[in-house]
1. Going by what's in this entry, would B:Asp164 be described as acidic (Asp, Glu), surrounded by 18 or more Cβ atoms within 10 Å (Cβ to Cβ), in contact (Cβ under 8 Å) with a residue 60 or more places away in the chain and over 18 Å from A:Ser167 (Cβ atoms)?
2. Can you tell me which residue in the range B:34-53 is farthest from A:Leu11 (Cα to Cα), limited to those that are touching a residue at least 40 places away in the same chain (Cβ under 8 Å) and more than 8 Å from chain A (Cβ to nearest Cβ)?
3. For the range A:137-153, give me the residue count where each residue is in contact with a Lys or Arg (Cβ under 6 Å, 6 or more places away or on another chain) and in a strand (DSSP E or B).
4. Looking at B:Glu93, B:Glu112, which is the one that is surrounded by fewer than 16 Cβ atoms within 10 Å (Cβ to Cβ) and either under 25 Å from B:Phe171 (Cα atoms) or over 18 Å from the mean Cα position of the chain (by Cα) (or both)?
5. Residue under question is B:Val109, and the condition is that it be in a strand (DSSP E or B), in contact with a helix residue (DSSP H, G or I) (Cβ under 9 Å, 6 or more places away or on another chain) and in contact (Cβ under 8 Å) with a residue 60 or more places away in the chain; does it hold?
6. Of the residues that make up the range A:170-181, is at least one closer than 30 Å to B:Tyr79 by Cβ, at pLDDT 95 or above, exposed (fewer than 14 other Cβ atoms within 10 Å of the Cβ) and not β-branched (Val, Ile, Thr)?
7. From A:Ser156, A:Ser122, grab the single residue that is more than 7 Å from chain B (Cβ to nearest Cβ), surrounded by fewer than 22 Cβ atoms within 10 Å (Cβ to Cβ), among the hydroxyl-bearing types (Ser, Thr, Tyr) and assigned to a helix (DSSP H, G or I).
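The values are calculated or read from the model by the stated rules, or taken from the named source; none is laboratory data. As the structure is a computational prediction, the values presented were derived from the model and not from experiment. Don't worry about glycine lacking a Cβ; one is built from the backbone with ideal geometry, like all the others, and counts go over all protein chains shown.
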Protein chains: 2
Amino acid sequence: MRKDLGAKTILYPMPVLILAAYREDGRVDAMNAAWGGIADTNQVCICLSSDHATTKSIAARKALTVSVADAAHTVEADYLGVCSGNDVPDKFEKSGLHAVRSENVDAPVIQEFPLTLECRVSSIDDISEGTVRVVADIVNVSADEGILTDGKVDISKLDPITYDTVSHGYFRIGERVGNAFSDGKRLM
Amino acid sequence: MRKDLGAKTILYPMPVLILAAYREDGRVDAMNAAWGGIADTNQVCICLSSDHATTKSIAARKALTVSVADAAHTVEADYLGVCSGNDVPDKFEKSGLHAVRSENVDAPVIQEFPLTLECRVSSIDDISEGTVRVVADIVNVSADEGILTDGKVDISKLDPITYDTVSHGYFRIGERVGNAFSDGKRLM
């Protein structure tokens with residue numbers, strides 16, 4: 001038996017993306033975003049409130065990094081979501097996180113997050129009152145060696161988290177339950 | 001120590017979205033998509049190859065449903081990804097899945113997937129050679145009663161899966177590791 005819940009902004013799994021960009025004065029802006037994903041080969045698409053300090057910095061620098069929040073840094077990831085850079089100008093410093101300049105784009109790579117996409121903005125468009133869509137090309141992927149197996153990202157070492165908008169919870173990824181481009185062949 | 005992996009189409013967690021639309025002759029087209037997410041309040045954004053049979057049906061009907069693949073239907077979800085509706089016109093029938101017409105949009109609701117967004121297309125744009133971006137409004141969310149707790153979607157009952165593009169694996173969501181809009185306050 002199915003039930004209608006009405007129009008809701010709900011999807012599973014939603015990512016926990018940590019966006020970072022340089023402010024005009026060179027300080028780091030960073031925020032937590034759940035509305036986004038892959039847009040095309042080597043491209044991401046992320047939707048943001050236009051009034052975030054980080055959104056303004058991304059628009060000004062035409063560059064950002066997108067880090068994947070991992071279970072080990074859930075507190076820091078959530079802090080970047082609840083604290084506003086408009087209210088607390090030294091928000092990033094207070095997080096205890098550290099950043100170094102990307103060698104590929106004009107944006108900071110946060111060292112504590114083990115997987116980071118270094119991105120150059122392709123377009124920023126207003127999509128509704130107060131919301132912009134940022135489309136950005138992935139120029140390089142920077143990964144901590146600790147999450148690699150045979151030179152490739154290992155999801156179990158990365159230990160990424162997902163955001164559940166209903167229970168306001170962060171969850172880690174669990175066991176492998178299937179093989180893509182393979183399991184479905186049984187039905188062919 | 002960080003390592004540069006170059007430009008890669010990688011993000012965690014990626015969803016396993018089952019898109020369904022009616023073909024011109026009334027049959028069901030369905031496919032598996034990983035490139036998408038929430039675009040705005042009550043809106044999704046999904047990027048697709050323009051040559052998929054389902055993409056053409058979505059464009060013609062200006063409607064689709066987006067179901068969340070769950071661990072119980074990994075084989076069916078993968079089948080909808082590996083089998084092409086251009087090659088096998090009765091692809092959906094062979095899946096063993098069943099669909100009924102949405103009461104809200106001109107698209108089929110697949111009964112076996114416990115969570116489905118019923119969507120009306122807002123825009124379809126070419127974003128690169130052979131790739132389109134579908135932006136669609138979520139008109140209604142249809143949920144199987146079995147995944148609800150106190151009338152709300154319960155992530156542990158839904159048991160959604162995520163796609164790992166590196167290992168070509170499907171993974172379920174694991175344990176809760178934090179509380180959004182809460183844990184981060186410790187750093188404020």
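1. yes
2. Filtering the range B:34-53 for residues that are touching a residue at least 40 places away in the same chain (Cβ under 8 Å) and more than 8 Å from chain A (Cβ to nearest Cβ), the one farthest from A:Leu11 (Cα to Cα) comes out as B:Asp51.
3. Counting residues in the range A:137-153 that are in contact with a Lys or Arg (Cβ under 6 Å, 6 or more places away or on another chain) and in a strand (DSSP E or B) gives 6.
4. Being surrounded by fewer than 16 Cβ atoms within 10 Å (Cβ to Cβ) and either under 25 Å from B:Phe171 (Cα atoms) or over 18 Å from the mean Cα position of the chain (by Cα) (or both) holds for just one of B:Glu93, B:Glu112, which is B:Glu93.
5. Here the answer is no, as B:Val109 does not meet what is asked.
6. Scanning the range A:170-181 turns up at least one residue that is closer than 30 Å to B:Tyr79 by Cβ, at pLDDT 95 or above, exposed (fewer than 14 other Cβ atoms within 10 Å of the Cβ) and not β-branched (Val, Ile, Thr).
7. Of the residues listed, the single one that is more than 7 Å from chain B (Cβ to nearest Cβ), surrounded by fewer than 22 Cβ atoms within 10 Å (Cβ to Cβ), among the hydroxyl-bearing types (Ser, Thr, Tyr) and assigned to a helix (DSSP H, G or I) is A:Ser156.
For (1) crowded, with 20+ Cβ neighbours inside 10 Å; (2) among the acidic types (Asp, Glu); (3) not in a strand (DSSP E or B), each residue gets a yes or a no:
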{"residue": "A:Lys3", "(1), (2), (3)": "no, no, no"}
{"residue": "A:Ala7", "(1), (2), (3)": "no, no, yes"}
{"residue": "A:Ile10", "(1), (2), (3)": "yes, no, yes"}
{"residue": "A:Ile18", "(1), (2), (3)": "yes, no, no"}
{"residue": "A:Ala21", "(1), (2), (3)": "yes, no, no"}
{"residue": "A:Glu24", "(1), (2), (3)": "no, yes, yes"}
{"residue": "A:Ala30", "(1), (2), (3)": "yes, no, no"}
{"residue": "A:Ile38", "(1), (2), (3)": "yes, no, no"}
